[in-house]
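Each remark here refers to the structure printed beneath this line.
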Amino acid sequence: MKQKQFTFFVIIALLFSVNYSFSQSDDVYYWNNTELVSSSDCLSNKSNFDDLKLAKTSTETITNFKIYVEVNFKNKVFDDLKSFNDFDLEFWLLSHRAFKAGASLKITIAYTINSEEKEQFYNFCLKHIESIVRGEKETSKKTEYVKHSVYFATDRNKVKTKNLNDAFGNKRADLQYGICEVSIPLNHDLGKIESPSIWKFEFSEDPSKHIMIRDIDMLEKDKFFKSLSRNIKKSKTKSTFLFVHGYNTSFSEAAKRTAQISHDLLFEGKPVFYSWPSQASMFKYPKDEANIEWARYNIKNFLEDYISKSEAEDIYLVAHSMGNRGLTKAIVELMTEKPHLRKNIKEIILAAPDIDADVFRNDIAPKMASKIQKPITLYVSSDDLALKASKALHGNPRAGDSGSGLVIVKGVETIDASGVDTSFLSHSYFADTNSIISDIFDIIKSGKRALNRERLKLMKFSDDIYWRVKQ
C-alpha cells in the first residue's frame, strides 16, 4: 500500500513539472505572462515568445545575478535582466532544433538578496507544430531531409552532364531561367553547407548528411515569372529575396548557399539567386572581375523583371563580395530610369562588398540612398582575408573592410562584424555565423533598424556612428 502511495505522489509531482516549476511566493522574479508559463501545454514554435519576459518584484539590492538557459546541451548565460529580455529566445531554440527534438528548456535565475543565495528554476517542455514552411519533408529508411525550391536566373553556359553540380559552366551565355530543388538534411547545422569530406571517408553526396541539388527544371521566361509570382502569393509573407553571389563561386555553390540562407533565416517567402559566370577558382580573379562587369546589363534586366513581375509585397536584395559590383550598379541604373520600381523593395543587404571603398563612399552609396530611398545595410569586417588580398591587388581599401578605412555613408547602416568568423578566409560570415544570421533574421522578421537590434552595439568613428556585432 505504501509503495502505491509513493508511486502516486511521484506521478503527481512529475505532472506538475511537465511544463514548468512554479515559483515560491517569496521569489523576487516573475514571468509577466503567467498564463503562458502556467499552461499545461508545452511551449511551441507557435508560442508568442515576445510575451515571455521576466520582471522584478523587490526593490532591494540584488547581487551575483545570473540567468542560465539550457536546451539540447547548448547554454546561454545572462548577467542582467534586460539582456535576457532582449534575447531572441525563439530564434535560438529554432536554430538548435529544440522544438523538433522535443527538448526541455531549462531556465535558472540565481541571485543573492539580503546575504541569502537564491535560485528560481523553470523547466519548460517544447513541442513542434507545423506552422513555418521550411521545405517539404521527405523521410525514408535511408534519407531524412527537407526540400527547398530555389528559383534562379543565370547567364552561364548549360552543360550536358548527369552530375547536377556541373549543370552550368563558367562561360558566358544568354540569360536562362529555372528552379533548383535543393535538399537540406534535418541535422543541418546553422550557417553550414554540409558536403562530403574525405576526412570522414565520404566520397559521394548523401541527402541525409549533405546539402544537395536534387533536380534542375529549366523554364521559359514567362513561365518562370508566372510560377514565381504564383508561389509568392501562396506564401505567408508574400515576400522574396534575391541573392547575387560573389567571386570564386560555382552555380551549384550559389544554389546551395541560397537554400541554406533561406532555411536558416526561416524565410517564409520565395528565394531566388542570380548566378553570373564566376570561374569558381581563387586563381582566376581577373576573369571574374571582367565577367561581373559583363553581367551587369543582364542583372539590370533581370532586376527589372523580378521587381515588376514577381508581384511580391516585400523584396529583399542581397549581394556578397564581388556580386555587390553587379547588384549596386544595376540597381542604381534601374532606379534612375524607373524610380517607381522601388515601391516594394524592403531592404538591400551588402555583405563584404569587394568594391573600391572610395568609389562606393563617394559615388555608389550616395546614389543608392537617394534613388532607392530604402534601408541599406552594409556588413564589413577587418578579418576578411579575401578583401585584404583584393586590397593588395588593387592598391586601395575595399568597401567591405573595416578599421581605419571604415565606410560610413548617410543612408547606409554600417555593421562591423570583426571577430565573429574564425574560418580560414572569414569572407562568408554573413551566412556562416549565428550572430550575423540572427541579425539578418531580425531585419526581415521585425524590420528593426540597427539602433534597435539587441545584437548590435552603437559605436563612434570620428563624428560618425556605426554598429558593431556584440561578441
**Prompt:** within 25 Å of residue 263 (Cα to Cα), open to solvent by less than 10 Å² (accessible area, probe 1.4 Å) and in a loop (DSSP other than H, G, I, E, B) - does that describe any residue in the stretch 428-448?
**Reply:** no
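So that you can scan it fast, the table gives a plain yes or no per residue for (1) in contact (Cβ under 8 Å) with a residue 40 or more places away in the chain; (2) in a strand (DSSP E or B); (3) closer than 12 Å to residue 400 by Cβ; (4) touching a Gly at 6+ places or on another chain (Cβ under 8 Å):
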{"site": "341", "(1), (2), (3), (4)": "no, no, no, no"}
{"site": "346", "(1), (2), (3), (4)": "yes, yes, no, yes"}
{"site": "365", "(1), (2), (3), (4)": "yes, no, no, yes"}
{"site": "370", "(1), (2), (3), (4)": "yes, no, no, yes"}
{"site": "374", "(1), (2), (3), (4)": "no, no, no, no"}
{"site": "382", "(1), (2), (3), (4)": "no, no, yes, yes"}
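Take the conditions modelled with pLDDT under 95, aliphatic (A, V, I, L, M) and open to solvent by less than 50 Å² (accessible area, probe 1.4 Å) and apply them to residue 244. Does it pass? Give the steps one after another, and end with the answer.
Values: modelled with pLDDT under 95: no; aliphatic (A, V, I, L, M): yes; open to solvent by less than 50 Å² (accessible area, probe 1.4 Å): yes.
Criteria not met by residue 244.
Listed here are the residues, each with its yes/no results for (1) more than 17 Å from residue 147 (Cβ to Cβ); (2) modelled with pLDDT under 95; (3) open to solvent by 20 Å² or more (accessible area, probe 1.4 Å).
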position	(1), (2), (3)
208	no, yes, yes
221	yes, no, yes
229	yes, no, no
252	no, no, no
257	no, no, yes
264	no, yes, no
268	no, yes, yes
271	no, no, no
**Item:** Single residue of 402, 382 found to be touching an Asp or Glu at 6+ places or on another chain (Cβ under 8 Å) and either open to solvent by less than 40 Å² (accessible area, probe 1.4 Å) or of a type in the set (D, E, K, R) (or both)
**Value:** 402
**Request:** Spot the failing condition for residue 318; the list is (1) open to solvent by 10 Å² or more (accessible area, probe 1.4 Å); (2) assigned to a helix (DSSP H, G or I), and only one is missed.
**Result:** (2)
**Those residues of the stretch 402-417 which are part of a loop (DSSP other than H, G, I, E, B), in contact (Cβ under 8 Å) with a residue 24 or more places away in the chain and not basic (Lys, Arg), in sequence order** = 405, 406, 407, 408, 409, 411, 412, 417
**Message:** I need the full set of residues from the stretch 264-289 which are more than 19 Å from residue 152 (Cβ to Cβ), among the hydroxyl-bearing types (Ser, Thr, Tyr) and part of a loop (DSSP other than H, G, I, E, B), in order please.
**Reply:** 281
**So residue 299, is it closer than 22 Å to residue 219 by Cβ, open to solvent by less than 10 Å² (accessible area, probe 1.4 Å), touching a residue at least 60 places away in the same chain (Cβ under 8 Å) and not in a loop (DSSP other than H, G, I, E, B)** = no
**Prompt:** residue 218 is checked against (1) touching a Ser or Thr at 6+ places or on another chain (Cβ under 9 Å); (2) assigned to a strand (DSSP E or B) and fails just one. What number does that condition carry?
**Reply:** (1)
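The values are calculated or read from the model by the stated rules, or taken from the named source; none is laboratory data. In this text the structure is predicted, and so the values were computed from the model without any measurement. Cβ sites come from the backbone with ideal geometry, for glycine too, and all protein chains shown count toward neighbours. Just the protein is used for accessible areas: all its heavy atoms, side chains included, with ligands, DNA and RNA removed. Shrake-Rupley method; radii C 1.70, N 1.55, O 1.52, S 1.80 Å.
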